[in-house]
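Okay, so here's the structure we're looking at.
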Amino acid sequence: MFTKLATAFVFIFALSVCSSGVGLPSAKDSPSASSPRSAGSTGVPSTPPCINIWEEGSVLPRSYKGCVSDGKPGAEESANCQDGTSLMVFEEAFYAVTGAKIRKSAVSPLQDTEEYSKAFTACTGE
């Protein structure tokens, strides 16, 4: 039951952020055609390719703000942790708290696993 509630919370949070436009750049914030861009970015300078970030055992940077995959933003979900970090999920297989080790679940979607439920509870206190 808890994992279903946690999954629903993460889904509703992600949906509300996407539909509200919070954090999305406006046309005036977009870089001009002459602005430098990193390889594989979606217009945001220094957005790294997901393949360079999401590797089991690596540390998810504390300053992580997203990645790109095939020229599009990576498929990610997040939850705000009590300590100011974020619990990030990538492609329903990898998860990590910003600034901590990336873990890969043997089961997908990982939101249904006990290991993720423990990480979610430790992060959010819920």
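Quick look at the values:
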quantity	calculated
Cβ-based net charge around residue 94, under 10 Å, with every Lys or Arg adding one and every Asp or Glu removing one	-3
Whole-Hz ³J(HN,Hα) from phi, Karplus 6.51 cos²θ - 1.76 cosθ + 1.60, for segment 81-89, glycine and proline x	8, 4, 8, x, 7, 10, 8, 10, 10
Phi to ³J(HN,Hα) by Karplus 6.51 cos²θ - 1.76 cosθ + 1.60 over segment 98-112, Hz, x for Gly, Pro	4, x, 10, 5, 7, 10, 10, 7, 7, 10, 10, x, 5, 4, 8
Gain upon complete extension [residue 113, residue 82; 0.36 nm per residue less C-alpha separation]	9.0 nm
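A short reminder: the numbers here are calculations on the coordinates, not readings from a lab. What you see is a predicted model, and the numbers here were worked out from it, not measured in a lab. All Cβ positions, even for glycine, are placed from backbone atoms using ideal geometry, and neighbour counts span all protein chains on display.
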